[in-house]
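Undergrad: So that we are looking at the same thing, I have put the structure below in structure tokens.
Where a number appears in this text, it was derived from the coordinates with a stated rule and is not lab data. Because the structure is a prediction, the values reported are computed rather than measured. Cβ coordinates were reconstructed from backbone atoms using ideal geometry, including for glycine residues, and neighbour counts include every protein chain displayed.
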Amino acid sequence: MENSTLILILAGLGFSVISAVVAGGTVAVVLRRLGNDKSALDNAEKLFQSFPPETKDIIERLADTVDAAVDIIKKISDGLPNEPVEPAAK
């Protein structure tokens, strides 16, 4: 692989990481402001209730996935020893 190709790949990866961080920060700011505004929460809930059941199911599964990710991040960053995880039953 040529050096110029490697540089382009690394630049693309760097740009992707920066874009993801900026997008995540933007979403966090919007959600924080939404959580502090009762009328915005009410409107968002009305919008959610207007979605078809399939869309609601996707959003609820996404929320469950995000909750699980947050739990893992909290376990990693809490500074406490981790408890052993038992393997899932087959």
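Undergrad: From the C-alpha coordinates alone, can you work out the Kirkwood hydrodynamic radius of the chain, in Å?
TA: The Cα-based Kirkwood calculation yields 17.5 Å.
Undergrad: Given Cβ point charges of +1 (Lys, Arg) and -1 (Asp, Glu) and nothing else, what value in debye, to the nearest 20, does the dipole of the chain about its Cα centre take?
TA: About 240 debye.
Undergrad: Now a separate question. Just rank VAL27, VAL85, fewest to most, by other beta-carbon atoms within 10 angstrom.
TA: Neighbour counts put them in this order, fewest first: VAL85, VAL27.
Undergrad: Can you give me the angle between helix 38-49 and the longest principal axis of the chain, using Cα atoms only, in degrees from 0 to 90, rounded to the nearest 10?
TA: 90
Undergrad: Tell me, what ³J(HN,Hα) does each residue in the range 55-72 have, in order and in whole Hz, if you take phi through Karplus 6.51 cos²θ - 1.76 cosθ + 1.60 with θ = phi - 60° and put x for Gly and Pro?
TA: Listing the rounded values in order: 5, 4, 4, 4, 5, 5, 5, 4, 4, 5, 5, 5, 4, 5, 5, 5, 4, 5 Hz.
Undergrad: Next question, about the same structure. Given 37 °C and 0.692 mPa s, how large is the Stokes-Einstein diffusion coefficient of the range 39-78 in µm²/s, with Rh as the Kirkwood radius over Cα pairs?
TA: This corresponds to a translational diffusion coefficient of 281 µm²/s.
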